[in-house]
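Notes follow the structure.
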């Protein structure tokens with residue numbers, strides 16, 4: 001019998017069989033252990049999932065986010081404001097002066113004073129004119145006395161000539177003397193009238209109701225004829241002078257609004273000059289400012305004209321606009337309680353709103369506030385619908 005290092009073939013075969021039997025038992029045991037663990041995990045996991053499902057079912061559904069909406073109403077167009085700068089001015093502003101030269105004796109008003117038409121404002125020294133008037137009146141009185149004597153002589157000469165006791169020459173001489181004295185009286189009366197006119201021209205009266213502007217003198221100066229004394233500004237009807245393009249429709253200018261330092265005033269078109277300003281190439285329009293409290297003369301004013309633009313669309317608050325992909329602007333609208341996205345095209349913008357047209361339908365409900373809290377497809381609760 002063959003042996004292997006003291007072992008017979010039978011012993012080798014027996015040991016090999018025993019090793020195979022041991023491996024089989026180990027494999028069977030491990031397999032049964034894995035099956036048992038898997039079964040326990042399945043049972044335990046099913047119970048855990050069932051308990052979790054029951055807990056989830058018992059949890060309340062999350063409340064919908066409340067949003068404020070506005071019904072979108074389509075309009076036929078919008079208006080674009082155009083601004084034109086002009087200047088507020090008085091209806092009349094005149095520099096008053098004396099026609100005669102002389103010493104200024106009285107200046108009766110101060111700058112800014114309110115005056116009425118016909119009120120005395122300033123006076124020249126008239127002592128020389130008064131003296132001249134007295135002299136002329138005395139001359140007239142003397143000439144009148146001489147005229148009385150000349151008429152008496154003419155009467156006597158006429159009587160003597162009728163009786164033949166006086167010559168024709170004596171009668172002519174008496175008549176000539178009388179006529180000369182009459183002419184001297186007329187000349188004196190004219191001189192007295194000239195003095196009276198000069199006395200009137202030695203005083204300045206207000207030609208209209210207004211307020212005193214600049215005062216060029218203080219009183220006591222010797223003035224030449226035509227030297228400006230003061231400026232009088234009419235405050236009753238302030239005006240706006242503004243240059244407008246030739247393309248402006250005059251029908252739009254009948255009643256307008258002007259703005260001065262943020263304050264609006266109504267204005268009415270008075271005149272449009274027929275010529276064109278050679279520098280600005282515009283036509284000058286004059287508007288009457290119809291307001292009890294008018295702006296200050298010389299202030300810069302802005303004339304606002306609304307130019308209508310025909311374009312179907314609607315107004316949206318700027319906060320409702322969102323920038324989408326590719327530079328497309330979008331807004332969020334609510335459809336059956338669900339948030340939808342609509343693309344819009346901006347046609348005109350103002351300080352707080354924009355005029356747009358887009359893919360939304362007439363009557364769509366725009367989310368005008370809180371749009372950043374929701375996303376398309378989300379269900380929301382409309383506050384305005386709840387009153």
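Each value in this text was obtained by applying a stated rule to the coordinates, not by laboratory testing. None of the values given here were measured: they were computed from a predicted structure. Note that we place each Cβ from the backbone using ideal geometry, even for glycine, and neighbour counts take in every protein chain shown.
Pull out the extension gain between residue 275 and residue 165, defined as 0.36 nm times the separation in residues minus the alpha carbon to alpha carbon distance; nm, one decimal.
Net length gain for the segment: 31.4 nm.
Could you give the length gained on full extension between residue 222 and residue 141, defined as 0.36 nm per residue of separation minus the Cα-Cα distance, in nm? Show your work: numbers first, answer last.
Numbers: separation 81, 0.36 × 81 = 29.16 nm, distance 3.39 nm.
Stretched out fully, the residue 222 to residue 141 stretch lengthens by 25.8 nm.
When the Cα centres of the stretch 264-288 and the stretch 101-140 are compared, how far apart do they sit, in Å?
Each part reduced to its Cα centre gives a spacing of 41 Å.
Where in the stretch 72-88 is the amide nitrogen less than 14 Å from a point lying 7 Å along the Cα-to-Cβ axis of residue 315?
72-81
So the label point goes 7 Å from the Cα of residue 323 along Cα→C-beta, right? Which residues of the stretch 331-365 then have their backbone N under 16 Å from it?
The answer is 331, 344-346.
So, by mean Cβ neighbours within 10 angstrom, what's the order for 94-106, 273-285 with the highest one leading? Display every interim value, and only then the final one.
Numbers: 94-106: 16.2, 273-285: 12.2.
Per-residue mean Cβ counts within 10 Å order the peptides as 94-106, 273-285.
Using 7 Å Cα-to-Cβ label points, what is the residue 336/residue 152 separation (nm, one decimal)?
It is 13.1 nm.
Tell me the label-point distance for the pair residue 241, residue 128, using the 7 Å Cα-to-Cβ offset, in nm and rounded to one decimal.
In this crude spin-label approximation the distance works out to 3.8 nm.
Evaluate E = 1/(1 + (r/R0)^6) for residue 343 and residue 249, where r is the Cβ-Cβ distance and R0 equals 41 Å; express this FRET efficiency to the nearest 0.05.
Plugging the Cβ-Cβ distance into 1/(1 + (r/R0)^6) gives 0.70.
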